[in-house]
Amino acid sequence: ATVQNNSQSQEDNMKISNSGEGLLSILGKVLNIGKGNTVIDNTNTASGVAVAGNIENASGNVSLKNEGNQGSTISGKVKNSQGSTTVTNNGGKLLVSQTGSVTNDENDITVINNGVGGTDIIGTITNAGENIGITNEAGKLLISGKVENTGKDIVVTNTGDGGAEISGSATNSGSNSIIAITNTKGALDITKTATVQNNSQSQEDNMKISN
């Protein structure tokens, strides 16, 4: 299926919400090609969100939120051409699988997990706009895929009991930007397969790793 909105409204003009039993599952295309926000919201605490298709927003913000204990899985594509993208998971695991991607052309990407299953980024998170913020507050944070920013900062924060592991890449090619990785619980493991790279021309502390 394709669900498409061409409205020029500046409001939340594409809303998909689930409070019933079972997953909120997107296998097809959700296209908001006008002006306005796209909101995907699962409030059933016994359920979850699975995005195997495409979510595309042309001009506005994208919000994907899950309260269910089955977690959030992105194995498809979430793409925002103009606006901020926020993924919030408050139950189960937040997974961006090997085939999954979250892409922004402008403004921020914010990924927040409070689910006990932690955060696994095996796919890609790419921003050509402003900042990428990844915050894991429960379980373990794993980045074995790619986090790439050509805009400003990459800020990774883990306060989950499982610690943080980076075995993939975090690359920043912004001209005046920082990479900040902070872990406050468990171990911080940057493995031998990992690449953490900042190409910033700033003279300040533009690479910060703390545990």
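Brief remarks on what is shown
- Note that the stretch 176-184 has calculated 3J(HN,Hα) couplings of 9, 9, 10, 10, 10, 10, 10, 10, 10 Hz, one per residue in order, obtained from phi through the Karplus relation 6.51 cos²θ - 1.76 cosθ + 1.60 (θ = phi - 60°); glycine and proline are x.
- Loop-located GluC sites (Glu not before Pro) in the stretch 136-211, at most 10 other Cβ atoms within 10 Å (DSSP): E204
- Modelled label positions at S25 and N211, each set 7 Å beyond Cα in the direction of Cβ, lie 4.0 nm from each other.
- Distance from the stretch 150-172 to the stretch 77-123 (C-alpha centre basis), Å: 13
- Between Q4 and E106, the simple spin-label model (points 7 angstrom out along Cα→Cβ) gives 2.2 nm.
- Isotropically averaged projected area of the stretch 59-211, using the convex hull of Cα atoms (one quarter of hull area), nm²: 7.9
- For the stretch 13-83, the list of GluC sites (Glu not before Pro) that fall in a loop by DSSP and count at most 12 other C-beta atoms within 10 angstrom reads E21.
- Cα gyration tensor, the stretch 138-193 - rounded (a/c under 1.5), prolate or oblate: prolate
- FRET efficiency, T182 to S202 (Cβ-Cβ, R0 22 Å, nearest 0.05): 0.70
- Our coupling estimate for the stretch 35-46, obtained by passing each phi through the Karplus curve with A = 6.51, B = -1.76, C = 1.60 and θ = phi - 60°, is 10, x, 9, 10, 10, 10, 9, 10, 10, 6, 6, 9 Hz, Gly and Pro reported as x.
- Solvent exposure of the chain amounts to 44 Å² per residue of accessible area, where only protein heavy atoms count and the probe is 1.4 Å.
- On the chain, 44 percent of the accessible area sits on carbon and sulfur atoms, based on a 1.4 Å probe.
- Filter on K79/K192; K15/K152; K152/K208 - keep pairs with C-alpha separation over 26 Å: K79/K192; K15/K152
- Residues whose placed amide H lies under 5 Å from that of V30, excluding near-sequence neighbours: V3, N54, I55, E56
The values are calculated or read from the model by the stated rules, or taken from the named source; none is laboratory data. Nothing here was measured: the structure is a model prediction, and the numbers come from that model. Cβ sites come from the backbone with ideal geometry, for glycine too, and all protein chains shown count toward neighbours. All accessible areas refer to the heavy atoms of the entire protein, side chains included, with ligands and DNA or RNA removed. Shrake-Rupley method; radii C 1.70, N 1.55, O 1.52, S 1.80 Å.
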